[in-house]
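Engineer: Starting off with a structure, shown below.
The values are calculated or read from the model by the stated rules, or taken from the named source; none is laboratory data. Fair warning: this is a prediction, and the values are worked out from it, not measured in the lab. With ideal geometry, Cβ positions are generated from the backbone for all residues, glycine too; neighbour counts draw on all protein chains shown. Heavy atoms of the whole protein, side chains included, go into the accessibility calculation; ligands, DNA and RNA do not. Shrake-Rupley method; radii C 1.70, N 1.55, O 1.52, S 1.80 Å.
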Amino acid sequence: MSLQVSLIQVTPFAQNCALIWDDETSRGAVIDPGGDVDRILAAIEKTGVTVEGIFLTHGHIDHAAGAMELAERLGVQITGPGIEDKFLLDGLEEQGRKYGFPARNCTPAGWLSQGDVITLGGAEFSVLHCPGHTPGHMVFVNHQANFGIFGDVLFRNSVGRTDFPYGDTAALITSIKPNLLPLPDDFAFICGHGAASTIGAEKRSNPFIR
Ligand SMILES: [Zn+2]
């Protein structure tokens, strides 16, 4: 089997919602459905994937505001992020009014914590707690496929914002250095916004993690 990934840009923040699946069984999962649920459903239909669950990296509106609607329309459960982000999921409707796009508060069926293992597209991913951008941010890592879903922790040549009242730059860097940088140089990852990258490329050129 091999893992397939399709990114769907959602919300006015151009967030990368990810559809991930196993090409043998066509079973998969959706990560971070922030909105534009009809477009996500169209992408699922196009691939013919049977979605078995929805997973959230963190509680920000552009990652989580479409999760309840998608969960209801697909008849699946939402898992994650860390319970530390509950205050964000409980405030999504209010945030939606502020930013002018539809958002529903989100109640996941389960929370994630460091060391958990989740199945995405038939493959096991380790869950790493990487706070700083938000307190309950989780990153999903598959060592065999050398592939990860990093949300808004580490970007190509950048790192996640920490200028929120609950943001913590020191925690973010502490999340990245021991958790992510020891991964192999050819370890590929997708981000919540913008292009994908590899650990090696970031070690060489990302000014925020020198
Ligand atoms: Zn975010």
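Engineer: How many percent of the accessible area of region 1-123 is carbon or sulfur, using a 1.4 Å probe?
Structural biologist: 47 percent
Engineer: How far apart, in nm, are the 7 Å Cα→Cβ label points at ARG27 and LYS177?
Structural biologist: 4.1 nm
Engineer: Choose one of SER205, LEU181, VAL153: the residue whose Cα lies farthest towards the positive end of the charge dipole of region 149-210 (beta-carbon charges +1 Lys, Arg; -1 Asp, Glu; about the Cα centre).
Structural biologist: SER205
Engineer: Tell me which lysines have Cα within less than 17 Å of LYS177's Cα, excluding those fewer than 8 residues away on the same chain?
Structural biologist: LYS203
Engineer: What accessible area per residue, rounded to a whole number of Å², is obtained for region 126-178 using a probe radius of 1.4 Å?
Structural biologist: 38 Å²
Engineer: Continuing with this model, one more query. About the Cα centre, and with charges only on the beta carbon of Lys, Arg (+1) and Asp, Glu (-1), how big is the dipole of region 151-197? Nearest 20 debye, please.
Structural biologist: Taking the Cα centre of region 151-197 as origin, the dipole is about 40 debye.
Engineer: Of THR57, VAL139, ALA171, which is farthest along the charge dipole of the chain in the positive direction, counting Lys and Arg as +1 and Asp and Glu as -1 at C-beta?
Structural biologist: ALA171
Engineer: So what is the calculated 222 nm ellipticity per residue for the chain, using -39500 (n - 2.57) for each DSSP H run with n of 4 or more, over all residues, to the nearest 500 deg cm²/dmol?
Structural biologist: Mean residue ellipticity at 222 nm (helix-derived): -6500 deg cm²/dmol.
Engineer: Can you pull the one-decimal nm distance between simple spin-label points at SER205 and ARG156, each 7 Å off the Cα toward Cβ?
Structural biologist: My value for the distance between the label points is 0.8 nm.
Engineer: Let me know the charge dipole size of region 18-92 about its Cα centre in debye, to the nearest 20, where only the beta-carbon of Lys, Arg (+1) and Asp, Glu (-1) is charged.
Structural biologist: Result for region 18-92 is approximately 80 debye, rounded to the nearest 20.
Engineer: Describe numerically, in nm with one decimal, the distance between label points set 7 Å from Cα along Cα→Cβ at GLU45 and at ALA195.
Structural biologist: 3.3 nm
Engineer: Checking the cross-link filter: which lysines have an alpha carbon closer than 30 Å to that of LYS98, excluding same-chain neighbours under 8 positions apart?
Structural biologist: LYS86
Engineer: Please work out whether the chain counts as rounded, prolate or oblate from its C-alpha gyration tensor, where a ≥ b ≥ c are the square roots of the eigenvalues and a/c under 1.5 means rounded, while otherwise a/b larger than b/c means prolate and anything else oblate?
Structural biologist: oblate
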